[in-house]
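All remarks here apply to the structure that follows.
The values are calculated or read from the model by the stated rules, or taken from the named source; none is laboratory data. Just so it is clear, the structure is predicted and the values come from calculations on it, not from any experiment. Here the Cβ positions follow ideal geometry from the backbone for every residue, glycine too, while neighbour counts run over all protein chains shown.
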Amino acid sequence: MTTGLIYARVSSIGDRQSTERQVKDLSEYAKYKEIEIHKVFEEHSGAKKNDERLVLCEAMEFCKEKRISILLVSELSRLGRNAFEVLASVKELIDCGINLYIQKEQLTLLDEEGHPSLFAPIMIATLSTCAQLERDNISFRLQSGRKRL
């Protein structure tokens, strides 16, 4: 049986947001695909770099140490704040032979034989760059709006 780990993250600290939906949805997918979930990592963090996200770092280490087959996340943005962080996380997973399932995009890193998908890295690079551009645009609009006040 394939072994898996769920990593769920919300960007607010406290009770304002919950990881419950992410965990539920990913658990249902795991059950459907007959993936045995060894552990669920849940993180509530503000805007932090990946090396400051202690639970993400712990989850990645757990995957390597326990030889987890697949890491399940709800969105690509769970793996980093910008394209470089996301791609670094993806490269680390590929180098360790760990598959990645991204629920929102219905995308996996490795094919059925465990070989890196030719399509997934291109999609991940494109989607993470688009997400970063959108965050930059939102930040610009907020700053512009504050200057007018």
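Scanning segment 87-105 for residues that are within 15 Å of Ser69 (Cβ to Cβ) and aliphatic (A, V, I, L, M) turns up Leu93, Ile94, Ile98, Leu100. Residues satisfying the criterion are absent from segment 49-56 (criterion: polar (S, T, N, Q), surrounded by fewer than 19 Cβ atoms within 10 Å (Cβ to Cβ) and more than 12 Å from the chain's Cα centre (by Cα)). Only a single criterion out of (1) in contact with a helix residue (DSSP H, G or I) (Cβ under 9 Å, 6 or more places away or on another chain); (2) in contact (Cβ under 8 Å) with a residue 12 or more places away in the chain; (3) of a type outside the set (Phe, Trp, Tyr) is not satisfied by Cys57, namely (2). Among the residues of segment 71-103, those that are of a type in the set (Val, Ile, Thr) and either under 12 Å from the mean Cα position of the chain (by Cα) or assigned to a helix (DSSP H, G or I) (or both) comprise Val73, Val86, Val90, Ile94, Ile102. Annotation note: of Leu72, Leu93, the sole residue that is buried (at least 17 other Cβ atoms within 10 Å of the Cβ), over 27 Å from Ser139 (Cα atoms) and at pLDDT 95 or above is Leu72.
When segment 104-116 is limited to residues that are surrounded by fewer than 17 Cβ atoms within 10 Å (Cβ to Cβ) and outside any strand (DSSP E or B), the one that is farthest from the chain's Cα centre (by Cα) turns out to be Glu113.
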